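Trainee: Below: one structure in structure tokens.
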Amino acid sequence: MEGKKQCTAVVLAAGQGKRMGTSVQKQYMELEGKPLIYYALKTFQESEIIGTMVLVVGEGQVSYAKKEIVGKYGFSKVTAVVEGGKERYDSVWQGLKAVEQDQEIGYVFIHDGARPFVDEAILRRGYETVRRYRACVAGMPSKDTVKLVDEEAFAVNTPRRKYVWTIQTPQIFEKELIVEAYARLMEEEHGDVTDDAMAVERMMKVPVKMFEGSYQNMKITTPEDLAVAKVFAAS
């Protein structure tokens, strides 16, 4: 498919997973006999769109990930395994620094490794969207009514549901755009930036287009999430 050599995936697997309530970091917990991080990497490995991958792991985990994840499962598209940082945006920046020197790359797909059900259809929709808009994010319209609350948890506003989307990954950008956004972000104090779209919106003043992900493209955060994921994986 056109554009294959121009796309790389930065896969984040540096989170502590404290809400999972286990000593094993969630990205290495097993789902159907494979570590959770395996599934996203497998999708990118087999994708016609993604040419290379950078895997971002936690402190002291580079050697383990190279041997037990990349090597064991033959993820040949992984060109670098790098250590992440304290916060998500620190980890993204480390991944982007491993990407920015490659002049062939046109687009960067940033994905949470704890979302095992990303698929080729999502990647295709994202690729077509980023080619047109420069910056885009996977998500789905909210199924629930959402309330905005004040500091004392009193409801103050009810946005119309058709305007409310739940945000997923991958979040996809022109390489130069996202690298410059994070370079500026790292020079300033922006601890409230919780995703890559916010970095682009705030640092570069570039609008970010939503595209349809999937209701199955869930993030595994709690034991209940893992139970649901086992059902999806077995179906």
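Trainee: So SER76 ticks every box in (1) over 29 Å from GLU188 (Cα atoms); (2) in a helix (DSSP H, G or I); (3) in contact with a helix residue (DSSP H, G or I) (Cβ under 8 Å, 6 or more places away or on another chain); (4) hydroxyl-bearing (Ser, Thr, Tyr) but one. Which box is left unticked?
Mentor: Single failed check for SER76: (2).
Trainee: Among all residue pairs at least 6 apart or on different chains, which show Cβ distances below 6 Å where the first residue, located in the range 4-28, is within 20 Å of PHE75 (Cα to Cα) and the second is at pLDDT below 70?
Mentor: Final answer for the pair search is LYS26/GLY17; LYS26/MET20.
Trainee: Can you tell me how many residues in the range 103-127 are open to solvent by 60 Å² or more (accessible area, probe 1.4 Å), in contact (Cβ under 8 Å) with a residue 24 or more places away in the chain and more than 21 Å from THR166 (Cβ to Cβ)?
Mentor: 1
Trainee: Do any residues in the range 130-155 that are of a type outside the set (Gly, Ala, Ser) have Cβ atoms under 6 Å from those of residues that are open to solvent by 90 Å² or more (accessible area, probe 1.4 Å) and part of a loop (DSSP other than H, G, I, E, B), where the two are at least six apart or on different chains, and which pairs are they?
Mentor: MET140/TYR215
Trainee: Something else about it: Counting just the residues of the range 1-48 that are open to solvent by less than 20 Å² (accessible area, probe 1.4 Å) and either over 18 Å from the mean Cα position of the chain (by Cα) or on the phi > 0 side of the Ramachandran plot (or both), which one comes out modelled with the lowest pLDDT?
Mentor: GLY3
Trainee: Counting only residues that are among the hydroxyl-bearing types (Ser, Thr, Tyr) and open to solvent by 70 Å² or more (accessible area, probe 1.4 Å), which one in the range 136-165 is nearest to the chain's Cα centre (by Cα)?
Mentor: The extreme case among them is TYR163.
The values are calculated or read from the model by the stated rules, or taken from the named source; none is laboratory data. None of these values were measured; they are calculated from a predicted model. Backbone-built Cβ (ideal geometry, glycine too); neighbour counts: all protein chains shown. Heads up: the accessible areas ignore ligands, DNA and RNA and are worked out on the full protein's heavy atoms, side chains in. Shrake-Rupley method; radii C 1.70, N 1.55, O 1.52, S 1.80 Å.
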